[in-house]
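Below: one structure, written as structure tokens.
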Amino acid sequence: MTSKTILFIGGTGTISSACVARAVSRGASVTVLNRGHSRTRPLPEGVEELQADIRDASSVDAALGSREFDVVTEFLAFTPEHVAADVARFAGRTGQYVFISSASAYQTPPERIPVTESTPLRNPFWKYSQDKIACEDLLVREYRENAFPATIVRPSHTYDRTSIPTSGHWTDIARMRAGKPVVVHGDGTSLWTITHNTDFAVAFDGLLGRPEAVGDSFHITGDHAPTWNQIYTWLGEAAGVEAKLAHVASDTIARIAPDLGPGLIGDKAHSMVFDNSKVKALVPEFATTVPFSRGAEQIIEWYDAHPEQQRFDPDLDAAFERMLATIPA
């Protein structure tokens, strides 16, 4: 039996790197198309690398020629225009086109949890999510009208050892180690589904080349939904300190640090718990094997080994101080 040929558009990001590694380990013939080799997440041996700017049609055409693939996975499309270009390029040249959407496309805030694939798609707060919804609409139409073999995958918060999930990233860790309070949105008790990229990759790989997945949508989110208080506390423990948590209303955070607003009000401020039974029906081996208590240890270990990646943001640090000043004495 010949192995699947899979094209990854992207391939070195937080999610896609783990999916590439999983596909290679499962015997697939993997080609990666992106702008260049990543030093942070090097590709496994045996992966074919093609360099092109996915936004430059001529460079993509030059890199791919007329090649066909069993599966094309798209990790770098964020607008309907990006997806439309893919549809024009890959129609008739692949048996499955897998689009990475986002679980933030679901109704925000959700009227009911757990969220299922039938939960409405509506996020009035975040343009990123609105654009992903528009991409999905285009693909659904192309499947219905032209049999374009699309599969839609919606990750929630997926991380690896390089990804600090808090609003302040390394600035939060530096504040913890300096004995300063870290700002946590709301009262910190909202539930947040957080998924290690190696767990995500198991479910993702299980959908590739599956006729049952074509024309359908799946979220891949894991079953681990700690509170934000737990997330910050585990990071502090991994960093060797006891985190001092200061709770600030999400609206206040967004007002003082507008760059944080869309992703907070449009996503992280709300409890998000998912029913993964749909993807598990096709990929029963999918499970949460890395809880964030362990993931936090991996993150801090990696950053301590890579001090050049410890990027402290003095402007954000000052904004956190202004947020703290709003808390009644």
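The values are calculated or read from the model by the stated rules, or taken from the named source; none is laboratory data. Because the structure is predicted, anything quoted here is derived from the model rather than measured. Because the Cβ atoms are built from the backbone with ideal geometry, glycine has one as well, and the counts that use them run over all protein chains shown.
Data for the structure
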quantity	calculated
Only one of Gly295, Gly236 that is touching a His at 6+ places or on another chain (Cβ under 6 Å), of a type outside the set (Asp, Glu) and not assigned by TED's automatic domain parsing to the domain that holds Thr94	Gly295
Only one of Asp187, Asp172 that is in a loop (DSSP other than H, G, I, E, B), in the same structural domain as Ile265 (by TED's automatic domain parsing) and either under 24 Å from the mean Cα position of the chain (by Cα) or modelled with pLDDT of 95 or more (or both)	Asp187
Some residue of segment 218-228 being among the hydroxyl-bearing types (Ser, Thr, Tyr) and closer than 18 Å to Tyr97 by Cβ	no
Residue match in segment 143-150 (condition: modelled with pLDDT of 95 or more, buried (at least 23 other Cβ atoms within 10 Å of the Cβ), in contact with a strand residue (DSSP E or B) (Cβ under 6 Å, 6 or more places away or on another chain) and assigned to a helix (DSSP H, G or I))	no
Answer residue from segment 292-329, given it is in a helix (DSSP H, G or I) and among the small types (Gly, Ala, Ser) and is nearest to Thr252 (Cα to Cα) among those	Ala319
Residues satisfying the stated conditions in segment 1-21, i.e. of a type outside the set (Ser, Thr, Tyr) and not in a loop (DSSP other than H, G, I, E, B)	Ile6, Leu7, Phe8, Ile9, Ile15, Ala18, Cys19, Val20, Ala21
Residue in segment 273-288 that is part of a loop (DSSP other than H, G, I, E, B) and modelled with pLDDT under 95 present	no
Pair list, Cβ < 8 Å and 6+ apart or interchain, from segment 52-63 residues that are of a type in the set (Val, Ile, Thr) to residues that are part of a helix (DSSP H, G or I) and surrounded by 12 or more Cβ atoms within 10 Å (Cβ to Cβ)	Ile54/Val60; Ile54/His82; Val60/Arg89
Counted residues, segment 72-100 - those being over 20 Å from the mean Cα position of the chain (by Cα) and not in a loop (DSSP other than H, G, I, E, B)	11
Residue list for segment 22-46, filter: part of a helix (DSSP H, G or I) and farther than 21 Å from Gly95 by Cα	Ser25
Criterion (among the small types (Gly, Ala, Ser), under 18 Å from Ile220 (Cβ atoms) and without any contact (Cβ under 8 Å) to a residue 40 or more places away in the chain) met by exactly one of Ser118, Ser156, Ser129	Ser118
Unique residue being closer than 25 Å to Ser217 by Cα, free of Cβ contacts under 8 Å to residues at least 40 places away in the same chain and aliphatic (A, V, I, L, M) when the list is Ala103, Ala85	Ala85
Count - residues of segment 103-142 that are β-branched (Val, Ile, Thr), closer than 23 Å to Asp205 by Cα and in a loop (DSSP other than H, G, I, E, B)	1
Answer residue from segment 25-46, given it is buried (at least 19 other Cβ atoms within 10 Å of the Cβ) and at pLDDT 95 or above and is farthest from His306 (Cα to Cα) among those	Ala28
Residue ID - surrounded by the most Cβ atoms within 10 Å (Cβ to Cβ), chosen from residues in segment 95-107 that are touching a Lys or Arg at 6+ places or on another chain (Cβ under 7 Å) and among the polar types (S, T, N, Q)	Ser101
Matching residues in segment 219-268 - criterion: being in contact with a Gly (Cβ under 6 Å, 6 or more places away or on another chain), surrounded by 21 or more Cβ atoms within 10 Å (Cβ to Cβ) and either free of Cβ contacts under 8 Å to residues at least 12 places away in the same chain or in a loop (DSSP other than H, G, I, E, B) (or both)	Ala243
